[in-house]
Amino acid sequence: MTTDPRSLYSLLPSTDRLLNAGEFAGLLADFGHTQVVATLRQMLDDARAHIRQHQRLPAWCDNWAQAAATRLRDGCRQALRPVYNLTGTVLHTNLGRAIQSDAAVEAVSQVMRAPVTLEYDLDGAGRGHRDQALAALLCELTGAEDACIVNNNAAAVLLMLAACGSGQQVVVSRGELVEIGGAFRIPDVMRQAGCQLMEVGTTNRTHLKDYREAVTGDTGLLMKVHTSNYHIEGFTKSVSEQELVTLGDELGIPVVTDLGSGSLVDLSQYGLPAEPMPRQLIAAGVSLVSFSGDKLLGGPQAGIIVGKKALIARLQQHPLKRALRADKMTLAALEATLRLYQYPETLARRLPTLRLLTRSAGDIQAQAARLLAPFTARFGADFQVAVEPCLSQIGSGSLPVDRLPSAALTFTPRDGRGSTLATLAAGWRSASRPVIGRISDGRLWLDLRCLEDEAGLMETLLS
Ligand SMILES: *Cc1c(COP(=O)(O)O)cnc(C)c1O
C-alpha cells in the first residue's frame, strides 16, 4: 500500500514550529541557534529524501527533539576516539602505536598551556635551537655526539639522504630495499632525496666485496636498512655495520643506518626478543642512525637521528629540516619519555609499551579467567565463551617473527554463522568506547595483553 507522498510532505513540521517547541529549549541552550537550525534543516532534507524513496515517514519523525539531540551529540564527537585495543598487536599503527606514559601526558599538557623555552636560551636570553635539550639526553642514552629530531622516521631517512647523499651515489644491499607500510619504499625515498641508488648483492646474500666494488668517486654514503618487517631464512649473508664501517673508514665514506624501531634498552633482560640498539651501532662507528619515536621507544610519533656532530650539523642546516621539524608537544612528550630511561629500575612499570610487552602470560591468563564468568553470563546464550592461549605481536614491523604468549577471551557463535560473529564485532566497534578484537577460526578473539582498564571494559560491554 502506498500513500500519496504529497500528504506525507505536509506532515513535516516547519523549522520555526520545532524551534518554538518546549523540548528544544535545552538543545538551543547547549548547542546554540546556528547548530540546531542547521541540524533541523538537514533532518528535513533527509525526511523528504526518505519519503521520495519509501513513500513513508522515517521512524525518527515520531520524536524530533530526541533525533535532533542524537545528531547534535554525534556531530560534536571527536573523530579520533579512544578504543580498547584487544587485537593482540601492541604497537598497532592504525590505532596510533605507542600509548604515552603519564609523564609524557603531563609534559604535553604543560607546554600546551603556556609559552615555553622552545628556542630560547634562558641564560643568554638568545635563541637556542629546538633539539638542543633533547640532543643531550639522546647522546647520554645512545653514546652519540649529537642528535636531530623530525616528525617521523620516514622524514628522518629522507633528511639523512638529502643532506648527506644528494647528487651522489648511495650504496645499499638488494636485500635491504624494503617497503614499510604506507608506500614508503627505500628506492623511492632515494629518488626524492636526489640520490642515485646503487644496489649491491642479491636478495638473500650480500658480501663486503659487493660494497667495495660498487664504490666510485661519486659515492656519498654506504647505507644499511634494518629489515624490520620481514625475515629471510636459509642461505643468507649480510654485512654487519661493523664490517661496513671498517670499509667506509678505509675509503672515507660515512655509513648511515635506518634502524626502523630500535630499542634504547636491551629487551632480552625482560625476556623479550632482542632488537638492535642505536647504542650498539654508534659504538660500531656508524655515522648516523635513525629510528622511530613511537615504536619500541614508546614515545610520541617522531624521527630521531643520532650520530657524528659534523653530519648532524648538516641535517640541522638543511632546508628540509625546517619543513620536517617536530613541534613543542612532540618534543615535550619525547623528552619526558627519554627521562624515564634514566631510571631503568622503574622503566617497565612507567613506560606503557614496555609494561604491556612484559606482561606475563600467567597474569593475562588470570585476567581472562576473571572475565570469563561475567562475559558468559552476558553472551553465553548465543556464544560459547572460552579462555584460550594465543600469541600477541609487538607490531609496527618490530621483531616480525617473534610472538609473545598471551591469553584471549574467545566467542564462538552457537549457530555457527559468520554473520552472527560479524554482528557481534560490529556492535562492539560501535560501543561508547569501541572494542577492537580479531576474527579468526570462526571466533572473535579478545587478546587481553593490552587491557589495563578492566573495569572500563566491563562497564562498556556488560552494562
Ligand atoms: C617503521 C620504519 C620506518 C618508518 O618509520 P615511521 O616512524 O613510521 O615514519 C622506516 N624504516 C624502517 C626500517 C622502519 O621499520
Checklist entry - Being of a type outside the set (S, T, N, Q), buried (at least 20 other Cβ atoms within 10 Å of the Cβ) and modelled with pLDDT of 95 or more, is that true of even one residue in the stretch 188-195? => result yes
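If you go through the stretch 100-109 one residue at a time, do you hit one that is modelled with pLDDT under 95 and among the acidic types (Asp, Glu)?
Applying the first criterion (modelled with pLDDT under 95) to the stretch 100-109 yields none.
No, every residue in the stretch 100-109 fails to be modelled with pLDDT under 95 and among the acidic types (Asp, Glu).
Residues are listed down the side, and each one gets a yes or a no for (1) of a type in the set (Lys, Arg); (2) within 22 Å of the chain's Cα centre (by Cα); (3) modelled with pLDDT of 95 or more; (4) open to solvent by less than 10 Å² (accessible area, probe 1.4 Å):
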position: 367; (1), (2), (3), (4): no, no, yes, yes
position: 381; (1), (2), (3), (4): no, no, yes, no
position: 394; (1), (2), (3), (4): no, yes, no, yes
position: 398; (1), (2), (3), (4): no, yes, no, yes
position: 408; (1), (2), (3), (4): no, no, yes, yes
position: 439; (1), (2), (3), (4): no, yes, yes, no
position: 448; (1), (2), (3), (4): no, yes, yes, yes
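Would you check which residues across the stretch 255-285 are open to solvent by 10 Å² or more (accessible area, probe 1.4 Å) and under 19 Å from residue 135 (Cβ atoms) and list them?
Passing the criteria: 264, 277, 279, 281, 282, 283.
Between 288, 324, which is within 16 Å of the ligand (Cβ to nearest atom) and either under 14 Å from residue 152 (Cα atoms) or open to solvent by 10 Å² or more (accessible area, probe 1.4 Å) (or both)? Before the answer, list the steps.
Numbers: 288 fails: either under 14 Å from residue 152 (Cα atoms) or open to solvent by 10 Å² or more (accessible area, probe 1.4 Å) (or both).
That would be 324, the only listed residue that is within 16 Å of the ligand (Cβ to nearest atom) and either under 14 Å from residue 152 (Cα atoms) or open to solvent by 10 Å² or more (accessible area, probe 1.4 Å) (or both).
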Item to check | Close pairs (8 angstrom Cβ cut-off, 6 or more residues apart or separate chains): open to solvent by 20 Å² or more (accessible area, probe 1.4 Å) in the stretch 68-93, in a loop (DSSP other than H, G, I, E, B) and of a type in the set (Lys, Arg) anywhere | outcome: 81/433; 82/433; 83/433
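Identify all residues within the stretch 339-355 that are surrounded by fewer than 23 Cβ atoms within 10 Å (Cβ to Cβ) and either in contact with a His (Cβ under 9 Å, 6 or more places away or on another chain) or closer than 14 Å to residue 294 by Cα (or both); write none if there are none.
Narrowing the stretch 339-355 to residues surrounded by fewer than 23 Cβ atoms within 10 Å (Cβ to Cβ): 339-350, 352, 355.
Hit for the stretch 339-355 is 352, nothing else.
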Checklist entry - (1) surrounded by fewer than 23 Cβ atoms within 10 Å (Cβ to Cβ); (2) in contact with a helix residue (DSSP H, G or I) (Cβ under 6 Å, 6 or more places away or on another chain): which one isn't true of residue 210, the others all being true? => result (2)
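One line per residue, one yes/no per condition, for (1) under 28 Å from the mean Cα position of the chain (by Cα); (2) in a loop (DSSP other than H, G, I, E, B); (3) over 30 Å from residue 39 (Cβ atoms):
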site	(1), (2), (3)
61	no, no, no
66	no, no, no
74	yes, no, no
80	yes, yes, no
94	yes, no, yes
105	yes, no, yes
119	yes, yes, yes
Checklist entry - If we scan the stretch 67-77, do we find a residue that is in contact with a Lys or Arg (Cβ under 8 Å, 6 or more places away or on another chain) and modelled with pLDDT of 95 or more? => result no
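For the stretch 307-314, does any single residue satisfy the condition of being under 20 Å from residue 136 (Cα atoms), touching a Ser or Thr at 6+ places or on another chain (Cβ under 7 Å), open to solvent by less than 10 Å² (accessible area, probe 1.4 Å) and of a type outside the set (S, T, N, Q)?
Within the stretch 307-314, the subset under 20 Å from residue 136 (Cα atoms) is 307-314.
Filter once more, so that each one left must be touching a Ser or Thr at 6+ places or on another chain (Cβ under 7 Å): 307-308, 311.
If we keep only those that are open to solvent by less than 10 Å² (accessible area, probe 1.4 Å) as well, we get 307.
If we keep only those that are of a type outside the set (S, T, N, Q) too, we end up with 307.
Yes, the stretch 307-314 contains a residue that is under 20 Å from residue 136 (Cα atoms), touching a Ser or Thr at 6+ places or on another chain (Cβ under 7 Å), open to solvent by less than 10 Å² (accessible area, probe 1.4 Å) and of a type outside the set (S, T, N, Q).
I'd like the full set of residues that are in a helix (DSSP H, G or I) and open to solvent by less than 10 Å² (accessible area, probe 1.4 Å), limited to the stretch 141-154. Outline the logic, then answer.
Restricting attention to the stretch 141-154, the residues satisfying the condition of being in a helix (DSSP H, G or I) are 141-142, 153-154.
Hit for the stretch 141-154 is 142, nothing else.
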Checklist entry - How many residues does the stretch 327-351 contain that are more than 16 Å from residue 156 (Cα to Cα) and in a helix (DSSP H, G or I)? => result 17
Checklist entry - Of 89, 93, which residue is in contact with a Ser or Thr (Cβ under 6 Å, 6 or more places away or on another chain) and under 30 Å from residue 448 (Cα atoms)? => result 93
Next on the checklist: Any residue in the stretch 100-122 that is among the acidic types (Asp, Glu) sitting within a Cβ distance under 9 Å of a residue that is open to solvent by 60 Å² or more (accessible area, probe 1.4 Å)? List the pairs, counting only those 6 or more apart or interchain.
Outcome noted: 102/350; 119/127; 119/129; 119/132; 121/127; 121/132
Checklist entry - In this structure, is residue 16 in a helix (DSSP H, G or I), more than 14 Å from residue 73 (Cα to Cα), open to solvent by less than 90 Å² (accessible area, probe 1.4 Å) and among the acidic types (Asp, Glu)? => result no
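Would you mind finding the one in 48, 41 that is free of Cβ contacts under 8 Å to residues at least 60 places away in the same chain and either open to solvent by less than 70 Å² (accessible area, probe 1.4 Å) or within 39 Å of the chain's Cα centre (by Cα) (or both)?
On the way: 48 fails: either open to solvent by less than 70 Å² (accessible area, probe 1.4 Å) or within 39 Å of the chain's Cα centre (by Cα) (or both).
On inspection, the qualifying residue turns out to be 41.
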Checklist entry - Among the strands (runs of 3 or more DSSP E) contained in the stretch 170-277, which hold 2 or more residues that are within 13 Å of the ligand (Cβ to nearest atom)? => result 219-225, 255-260
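The values are calculated or read from the model by the stated rules, or taken from the named source; none is laboratory data. All figures in this text were calculated on a predicted structure; none of them were measured in a lab. Glycine gets a Cβ as well: all are built from the backbone with ideal geometry, and neighbour counts include every protein chain shown. Surface accessibility is based on the protein's heavy atoms, side chains included, excluding ligands, DNA and RNA. Shrake-Rupley method; radii C 1.70, N 1.55, O 1.52, S 1.80 Å.
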